[in-house]
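Presented below is the structure to which this report refers.
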Amino acid sequence: MILTLQIQLLPDTDTAQKLKATVERFNEAANWLASKAYERKLANGIALHKLYYYVLRARFGLSSQMACRCIAQVVEAYKRDKEVQPSFRKHAAMPYDQRLYSFKGIDRVSLLTLEGRVLVPMLMGNYQREQFGYAKGQSDLMLRKDGKWFLLVSVDVPNGPPIPTTDFIGVDLGVTNIAVTDDGETFSGDGVENVRQKMHKLKKSLQQKASDLVKQGKRPKNVRRKLSAISGRESRFRRNTNHIISKRIVEKAKDTGKAIALEDLEGIRKSQKRFRKPQRAKLSGWSFFQLRTFIEYKAKRVGIRIEPVDPKYTSQTCAECGHCEKDNRHTQASFLCKVCGHKDHADRNAARNIRARALCQQA
Ligand SMILES: [Zn+2]
């Protein structure tokens, strides 16, 4: 299973300057080469190499291996769509292969720049450290908008040997709660909702500010920058929360020797739509797709099976007697069966149905 680790780099000011100059030059060269490739309708790496390798080195000062990567990068982009001339942002991520970088232990990486190699400290979490040993092939050097540096490292993590299981943990992904398991463990959306509301207020006032500036004939550049920083923060918060929830669910499965039953992708697609109206903005932006992906790969890594389940009617069906009726769902949060009177938290009832379906599919 191939994953990408996003490892933060901590270059000092001088080193950061060198990295920046290198990335900018690389993209400048790539744009130039792209114009040549487009002009000549050439998407062949060997042909471009023959024509332009020495030009790239002499004119842009790229090292031999940087020139090779530059050609490969342009060929790849151009092949994707031959109708348009590929263009690269000034700070587009720059590919580093094993001749351009090497890890020095687990806390430093050596990177080639236009001015020779630099040694840069890396900041890694425990999770990243675990995966790090499986790093392979090409990485990307990236300067984020907020000025932080990252190395995007591909790792090929072996799947764990499959653990034989006969039972499932049913997981319901929802609105009131982000996730609930069939035994009632709840991953509440409250903290998330607070952050969302705070960010929302902040965004609104910034947007107001921006439009005021525009009315005055000024360019709201700083405000725009702040806005984009907020959405960056928001998405990192979401990602982190999804990591925590998925980790806990997979641990639970491992501890109890069960597989995991989850809504299939189709269900998630539909539920994104379903949530929008009644719940308005609340969690509508939550990435259930991301959460599902995280659960899936963390499970695979330790050999736990995921059973996808069609979630249709799981929220309206009674987990005790099987009676299915729209009115069973008393409120968004509570379930009350019209036939047998079974009462439960709505999400937990749904999670029990998801588990039951997985058991049926297995039989
Ligand atoms: Zn019932």
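Each reported figure results from applying straightforward, stated rules to the coordinates on display, with no laboratory input. Keep in mind that what you see is a predicted model, and the values were worked out from it rather than measured. Every residue, glycine among them, receives a Cβ derived from its backbone with ideal geometry; neighbour counts consider all protein chains shown.
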Within the chain, which cysteines find no other Cys whose Cβ is under 4.7 angstrom from their own? C68, C70, C324, C360
Between the helical axis of 221-256 and the dominant principal axis of the chain, each derived from Cα atoms, what acute angle in degrees is found, rounded to the nearest 10? 50 degrees
Place the peptides 158-171, 223-236 in order of packing, highest mean first, counting for every residue the other Cβ atoms within 10 Å and averaging per peptide. 158-171, 223-236
Over the chain, what relative contact order in percent results from Cα pairs under 8 Å that are six or more residues apart? 17 percent
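Is it possible to state the helix-based mean residue ellipticity at 222 nm for the chain, with each DSSP H run of 4+ residues giving -39500 (n - 2.57), the sum divided by total residues, to the nearest 500 deg cm²/dmol? What is it?
Theoretical 222 nm ellipticity from helices: -16500 deg cm²/dmol.
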Determine how many Å³ per residue the convex hull of the Cα atoms of region 1-120 encloses. 119 Å³
Specify the angular offset, from 0 to 90 degrees and rounded to the nearest 10, of the alpha carbon long axis of helix 13-40 from the longest principal axis of the alpha carbons in the chain. 80 degrees
Roughly how many nanometres apart are two label points built 7 Å out from the Cα toward the Cβ at R269 and L10? 4.4 nm
Volume per residue, Å³, of the convex hull around the alpha-carbon atoms of the chain? 189 Å³
The helix 45-60 Cα axis meets the longest alpha-carbon principal axis of the chain at an angle in degrees, between 0 and 90 and rounded to 10, of 60 degrees
I'd like the Karplus ³J(HN,Hα) series for region 116-125: coefficients 6.51, -1.76, 1.60, θ = phi - 60°, whole numbers in Hz, and an x wherever there's a Gly or Pro. x, 7, 10, 9, 10, x, 10, 10, 10, x
With the Cα gyration tensor of region 213-258 in hand, give its eigenvalues times 5 under a square root as the equivalent ellipsoid semi-axes, listed largest first in whole angstrom. 44, 6, 4
Three principal axis lengths of region 104-235 [C-alpha, angstrom, descending]: 66, 56, 18
With the dipole of the chain worked out from charges on the C-beta (+1 for Lys and Arg, -1 for Asp and Glu) around the Cα centre, which of T4, G341, A351 lies farthest toward the positive end? T4
